[in-house]
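What follows draws every value from the coordinates through simple rules; no lab data is involved. Treat the numbers as computed from the prediction; the structure is a model and nothing was measured. With ideal geometry, Cβ positions are generated from the backbone for all residues, glycine too; neighbour counts draw on all protein chains shown.
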Amino acid sequence: MTGYRGFALRRGGQAVVVVLLAYVFTFWVISVLPGDPVTTTLRNPQNGFTEEEIARIVSYYGLDRPVLVQLLESLGRFLTGDLGVSLRSNRSVADMIGEVLPSTLVLAASSLAIAVVLSFLVAFGVQYLPKPLSTALRSVPSLFLSVPGFLIGLLLIQVFSFDLGLFRAIDTDGPVATFFAALTLGIWVSAQIAEVLIANLDHEAAQDYAGVARSRGLGQVRLLLRHLLKPSALPVVTVLALMIGEVLGGAVITEAVFGRTGIGSLVERSVASQDLPVLQAVVTLAAVVFVVVNLLADLVYPLLDPRVTLQRRPDVGAAA
Amino acid sequence: MKRALKAAIGILATVLVATACGGGAAQSAASGTPRDGGDLTFLIDSLGDTWIPNNSAISSFQGHIWGHVTDKLVYVDENGEASPWIAESWEQNPEATEFTLHLRQGVTFSDGTPVDAAAVVANLDMWSRGDATRGINPIGLFPKTYRSSQAVDPATVTVSFSSPTLGFIPTLGYHGSILISPKSLALPAEQQADLSNDIGSGPYVVESWKDDDSVVLRKRPDYDWAPAALSHQGPARIDSITYKLVGEQQVRTSSVQSNQADVAYNPSPKELETFKAQGFQVAAPRYLGFVNGFAINTKVAPFDDVKVRQALQHGIDRDQILSTVYTPDWLAAQSFIQSNVPGATDHSTTFAHDAAKAAALLDEAGWAPGPDGVRTKNGTPLALTLYPNPYLATSKAVDELIAQQLRGLGFQVDIQAYDVVTYGQRVKVGGETVPAYEITRSFIDAGTVGGVLTDANKGENWFGLGQTDAKLTDLATSIAGASDPTARDAQLDELQGYVLDQGYFVPITQIVQRLYLQSPRVHDVTYNGIAYANYYTAWIGDPA
């Protein structure tokens, strides 16, 4: 048990360092860029502010102080759990993220679900279907991967909303609109899962044990479900964990195309206006998600494949 | 990526136009009798940044919402005509330094607070000074000569200025000068940033809002203080207005075309004619302000030479720009201010397109054509860098065309395009590397013109002249500080002639910055002096 606890502590420590580094790194990157949202807004020629007025407002936000002082202050705030106030909207960053997070979570979860279903369908099809069809199906993941997500999104909106009238394109959070947004993202994610699944099923199907099972008269379906699926699903867990990060990234484009307000659109707005407090919070959130998901994947691994723990720690393997 | 996206959208647009034509286009029904009820959906490309009324008011997006949620003291129509609103009448002393406003009685904010003299004084003070301790900005364009205001009685306010300020009354109709409940004004910035806390006295109230997503307005049944200049009085007719943010231009316009929404903001100018042919309404109201054009920095060689500046004026073919980049909804410039500004006069002959004249002027100035087509003088090429203004969507296309036209004359033209953030940092009016600053700016009173051209009274010094040009300084200063409107109009005419004659400003076209694509079922929309659509007067008829 001590080995496992040490492992968990080490991983936990690494996670905290990763999150802090993400926070500092974002700050550094944004500070290197010229400009800040406050001065940009003030410098809009429509506003007609004098230089004195601009200097006074900039100093209110503390943006005229040395970068290091700003970083320390921001870090101190972060460590006490305060995410600060957006420089663009003047609202609390925690509120802004809390408002958009549910929409992105719904999109991410449903697109992952769609992706898993799609990729298993494709992978099973490749195994079951007669030769010409299954060969054609093998190229589907590459096709999914190479068609840009925004194109799929725009086509889905055009056909199912504007032509068929199945949903209002502007009712962005309705169930049908959400389904099509999730499908846009899911098609792209499914490609990578399907690719891994197909390769692994091929590999397992060529193993001796599969041949033995077949020779003893086991049907294709039973063979697949009983023997091939479990070992083939193992790498899928790894890919899925990585995909959660990709889904958050891909959400930017999908949210833009479908006009959804979520983490993606918040990032887009904040990057465009260099809204540092919001960006720091979102990057940190992403780092937390990545760390947690990968930790979970590591924990699920031994459950799916006992060899993982046995090889690494033969003494505690039996206990686990 | 962006290019690919645009290409894809272009393809989709073609598909879409084909389907829409196939479906048979609806024709706009003849205006019937106005009726109550209905809900309007307005698709907008952004909802701007903060909702703190003072910090946000200049932004072009939030103006749509403020225009329905709040009232102003003075109404300014699309011709710049000021008329009574919450201020029923006003007087001023002959020097235009003291003003008295008489307020309409019985007006209330939607939180029940009366819109009385005390509330107006609180607003005037907030517009002019902001509150530095709370991070609340002043309103940039509010006259900097403001001294103080007093509530004489609940319906009378006196306002005093340190020098003549003719622009005060029109400024009260500008989009920054919105009346907000004193209770909201007293809130800390973080709470004012929540739109639900910003209480106005307008015909609509905020029912709900979600950052960067939507704002839903509901009609206020007891509203009864609309400007007399409007065609409608009493409560608004349309029950609710939903402003929904849709970033993709194509999704906005297609939603209106497929009857999923009523208005799409900022459709592509290129498609306006197609929409009209399909029976949709298109509005391209002009704002009051400067035309789109270049303020020339006379400190940057060779633009210190009046002949080179004039060559620039005559070298630009404005008709080609209008027909290539724009549609017939855009007008040619007649001066350096829009022709609907009171006091604007027609000086279009001064800077008319004449390539031969431009070439002759360059010859006279000593710029001889070189072997590669670029003119040179003492070995220096005739170079010009243009910086498209990111606040005007068409600016880059216009500049590319101008570059092409000027290259034909022997200019060596570079175009340097920046995004809004970088532009704000690097491109400044009068900057050393900026020979021609592209202007796009609205104002409500021509007095603004006098304030920006030179550096007198902390002016913006558009032409880099400081106060060295005595005639310009005289004219500009007396316009900025004028107390008699008639005398000011004469000076304004002289100023326009002089600035254009000297080639200080090179006009391109008049500006339409706000475009609306509208369903034929929406009738009687009003546009104000800053080209915002006002749905207070509008009503929704039968679906087409």
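A Förster radius of 51 Å combined with the Cβ-Cβ distance from A:Ser31 to A:Asp208 puts the calculated FRET efficiency at roughly 0.30.
The charge dipole of the protein assembly as shown, taken about its Cα centre with unit charges on the Cβ atoms of Lys, Arg (+1), Asp and Glu (-1) only, comes to about 3540 debye. If you take the Cα centroid of the range B:116-173 and the Cα centroid of the range B:220-235, the two points sit 25 Å apart. What the phi angles of the range B:90-105 give under the Karplus curve with 6.51, -1.76 and 1.60, with θ = phi - 60°, is a coupling list of 8, 10, 9, 7, x, 7, 6, 10, 10, 10, 10, 10, 9, 8, 5, 9 Hz, glycine and proline written as x. Its Kirkwood hydrodynamic radius, worked out from the mean inverse distance over all distinct Cα pairs, puts chain B at 24.9 Å.
Tell me the GluC sites (Glu not before Pro) within the range B:426-470 that lie in a loop according to DSSP and have at most 11 other beta-carbon atoms within 10 Å.
Those satisfying the criteria are B:Glu432.
Comparing A:Thr41, A:Thr172, A:Thr80 in a Gaussian network model of chain A (Cα springs below 10 Å), the most mobile by mean-square fluctuation is A:Thr80. Going down the table (B:Lys72/B:Lys396; B:Lys144/B:Lys471; B:Lys219/B:Lys270; B:Lys396/B:Lys458; B:Lys270/B:Lys299), which pairs top 28 Å between alpha carbons? B:Lys72/B:Lys396; B:Lys219/B:Lys270; B:Lys396/B:Lys458; B:Lys270/B:Lys299, as the Cα separations exceed 28 Å there. The phi torsions of the range B:425-438, fed into the Karplus equation with coefficients 6.51, -1.76 and 1.60 and a -60° offset, translate into couplings of 7, 9, 10, 10, 5, x, x, 4, 9, 10, x, 9, 8, 7 Hz, rounded to whole numbers, with Gly and Pro shown as x. Applying 1/(1 + (r/R0)^6) with R0 = 45 Å to the Cβ-Cβ distance of B:Glu432 and B:Ser46 gives a FRET efficiency near 0.85. In this simple spin-label model, placing a label point 7 Å from the Cα along the Cα-to-Cβ direction at both B:Glu273 and A:Ser215 gives a separation of 7.8 nm. Computed from point charges on the beta carbon alone (+1 for Lys and Arg, -1 for Asp and Glu), the dipole magnitude for the range B:88-197 about its Cα centre is near 220 Debye.
The H on the amide N of B:Gly293, modeled in the peptide plane, is under 5 Å from the matching H of B:Ile439, B:Ile508, each at least 5 residues off or on a different chain. With both labels modelled 7 Å from their Cα along Cα-to-Cβ, the B:Thr385 to A:Val147 distance reads 4.5 nm. Against the main long axis of the alpha-carbon atoms of chain A, helix A:2-32 sits at an angle near 40°. Relative contact order, whole percent, for chain B stands at 21, derived from Cα pairs under 8 Å and 6 or more residues apart. Helical content alone sets the calculated 222 nm signal of the protein assembly as shown at -14500 deg cm²/dmol, taking -39,500 (n - 2.57) per DSSP H segment of four or more residues and averaging over every residue. Placing +1 on the Cβ of every Lys and Arg and -1 on the Cβ of every Asp and Glu, with no other charges, gives the range B:46-111 a dipole of roughly 220 debye about its Cα centre.
Beta-bridge orientation, chain B: approximately 80 percent antiparallel, per DSSP, counting only bridges with both partners inside. Here's the picture: a label point sits 7 Å out from the Cα of A:Leu105 along the beta-carbon direction, and within the range A:244-282 the residues with their amide nitrogen under 19 Å of it are A:244-252, A:255, A:260-267, A:281-282.
To the nearest 0.05, how large is the calculated FRET efficiency for A:Leu71 and B:Lys396 if R₀ is 35 Å and r is the Cβ-Cβ distance? In this case the efficiency is close to 0.45.
Residue separation of B:Lys183 and B:Ser83 scaled by 0.36 nm, minus their Cα-Cα distance, works out to 33.2 nm of gained length. Each residue of the range B:320-332 was assigned a 3J(HN,Hα) from its phi angle through the Karplus expression (A = 6.51, B = -1.76, C = 1.60, θ = phi - 60°), giving 5, 5, 4, 7, 8, 8, 10, 10, x, 6, 9, 10, 5 Hz with x at Gly and Pro.
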